[in-house]
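The values are calculated or read from the model by the stated rules, or taken from the named source; none is laboratory data. Keep in mind that this is a model prediction, so the values were computed, not measured. So basically every Cβ, Gly included, is an ideal-geometry build from the backbone, and we count neighbours across all protein chains shown. All accessible areas refer to the heavy atoms of the entire protein, side chains included, with ligands and DNA or RNA removed. Shrake-Rupley method; radii C 1.70, N 1.55, O 1.52, S 1.80 Å.
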2 protein chains.
Amino acid sequence: MDNHLAIKIVLDGFKRSLKSASKLLNELPENDLLQEIVPTKNSGHYLLGHLIAVHDNMLPLLGLRDSLYPELMEVFIKKPDKSGLLKPSIAQLKQQWEEVHQLLVTHLESLTDEQWFEKHTAVSDEDFATEPHRNRLNVVLSRSNHLSYHIGQISLLRK
Amino acid sequence: MDNHLAIKIVLDGFKRSLKSASKLLNELPENDLLQEIVPTKNSGHYLLGHLIAVHDNMLPLLGLRDSLYPELMEVFIKKPDKSGLLKPSIAQLKQQWEEVHQLLVTHLESLTDEQWFEKHTAVSDEDFATEPHRNRLNVVLSRSNHLSYHIGQISLLRK
């Protein structure tokens, strides 16, 4: 039971962060989201795309299914904000945000307790034998922190 | 074993975030830390004190011991940045940062698996009976996200 509880705590935390991120993104006018958080640094636009790309990539990383928008990885993970690559519009990204998270959360909610403690796909069997913490639970926890980090930044665009 | 592993994952995540926060704080010149992250918003100075105050308060909240610097709560939690209240210097806060975290991590590392799943001190027995996730593990997880949120902001002070 405690085991189950620990999973619930981590998953609930991630879902809570996603929810407050969605709220923030819906409150921010599109024009504000397009701005750099501070001069010369990432824009809200880039960070929005970055979070979608990272979370979409959790689908294959956790062995759940293929990612929905693999093309976002080039623009929002491999390249920095001012790469010159064309970004999807804010409206399109907001739609992808909803889609990716609905799918991701549904998949995460269907995992059994055992599956949460299985290795993720970027770890070899050999490494997992000596590093048993490199499992799905750890990935979700680490992505929660990553999400909070960037949401703290996007929140600065609020007037 | 999986239970133990879940605790290790949450605690290691918190320790990793603290470590990278310490690195950032040590790299930032004092003059930069004194600046507002963006005009009219919190300064690095305030956020540093805020994080110390919140983490210091985890000691009593988790039933570990009294907090070391309860006076920080007034300046950095109850009041906003521009309250007019005198803030301790950056040098003093950096020393308190080290002290509070060394003590907190030592206490957290000494908790048994059972103790991690016990309720924290701000929950009544009645509430805990129906909300068993309001335990120490949940507090540390939620403080990890809170830390990441503000570290994402402080990181914007890097030139």
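Of note:
- Looking across the stretch B:125-159 at every residue that is without any contact (Cβ under 8 Å) to a residue 24 or more places away in the chain and under 16 Å from B:L104 (Cα atoms), the one that is nearest to the other protein chains (Cβ to nearest Cβ) is identified as B:N138.
- Test: A:L61 is surrounded by 13 or more Cβ atoms within 10 Å (Cβ to Cβ), modelled with pLDDT of 95 or more and out of contact with any helix residue (DSSP H, G or I) (no Cβ under 6 Å at 6 or more places or on another chain): yes
- Inside the stretch B:118-133, residues that are over 16 Å from B:P60 (Cα atoms) and in contact with a Leu (Cβ under 9 Å, 6 or more places away or on another chain) make up a count of 2.
- Filtered by the rule that a residue be more than 22 Å from A:S22 (Cβ to Cβ) and touching a Leu at 6+ places or on another chain (Cβ under 6 Å), the stretch A:134-155 gives a lone residue, A:R136.
- For beta carbons closer than 8 Å, sequence separation of 6+ or different chains, a first residue in the stretch B:4-19 that is in contact (Cβ under 8 Å) with a residue 12 or more places away in the chain and open to solvent by 40 Å² or more (accessible area, probe 1.4 Å) and a second that is of a type in the set (V, I, T) and part of a helix (DSSP H, G or I), the qualifying pairs are B:K15/B:V105.
- Residue selected from the stretch A:16-39 under the condition aliphatic (A, V, I, L, M) and not in a helix (DSSP H, G or I), by the criterion farthest from B:S142 (Cα to Cα): A:L34
- Scan of the stretch A:117-147 for residues that are in contact with a Gly (Cβ under 7 Å, 6 or more places away or on another chain), hydroxyl-bearing (S, T, Y) and open to solvent by less than 50 Å² (accessible area, probe 1.4 Å), ordered by number: A:S142, A:S144
- Residue identified as farther than 25 Å from A:L11 by Cα and either in contact with a Lys or Arg (Cβ under 7 Å, 6 or more places away or on another chain) or exposed (fewer than 15 other Cβ atoms within 10 Å of the Cβ) (or both) among B:G49, B:G44: B:G49
- Among the residues making up the stretch A:88-116, a single one is open to solvent by less than 50 Å² (accessible area, probe 1.4 Å), at pLDDT 95 or above, within 14 Å of chain B (Cβ to nearest Cβ) and over 17 Å from A:D66 (Cα atoms): A:W116.
- The set of residues in the stretch A:64-87 being surrounded by fewer than 16 Cβ atoms within 10 Å (Cβ to Cβ), under 25 Å from A:P29 (Cβ atoms) and among the aliphatic types (A, V, I, L, M) consists of A:L85, A:L86.
- Matching residues, the stretch A:25-56, being within 11 Å of another protein chain (Cβ to nearest Cβ) and in contact with a helix residue (DSSP H, G or I) (Cβ under 9 Å, 6 or more places away or on another chain): A:Q35, A:E36, A:I37, A:V38, A:K41, A:N42, A:L47
- Taking first residues from the stretch B:57-71 that are of a type in the set (A, V, I, L, M) and partners that are in a loop (DSSP other than H, G, I, E, B) and crowded, with 18+ Cβ neighbours inside 10 Å, the Cβ contacts under 6 Å between residues at least 6 apart in sequence or on separate chains come to B:L59/B:S67; B:L61/B:H120; B:L62/B:H120.
- Subset of the stretch B:99-124 (residues that are free of Cβ contacts under 8 Å to residues at least 60 places away in the same chain and within 16 Å of the chain's Cα centre (by Cα)): B:E99, B:V100, B:Q102, B:L103, B:L104, B:T106, B:H107, B:H120
- Residue in the stretch A:1-15 that is part of a helix (DSSP H, G or I) and away from chain B (no Cβ under 13 Å) present: no
- Tally of residues being at pLDDT below 95 and of a type in the set (V, I, T) across the stretch A:124-159: 1
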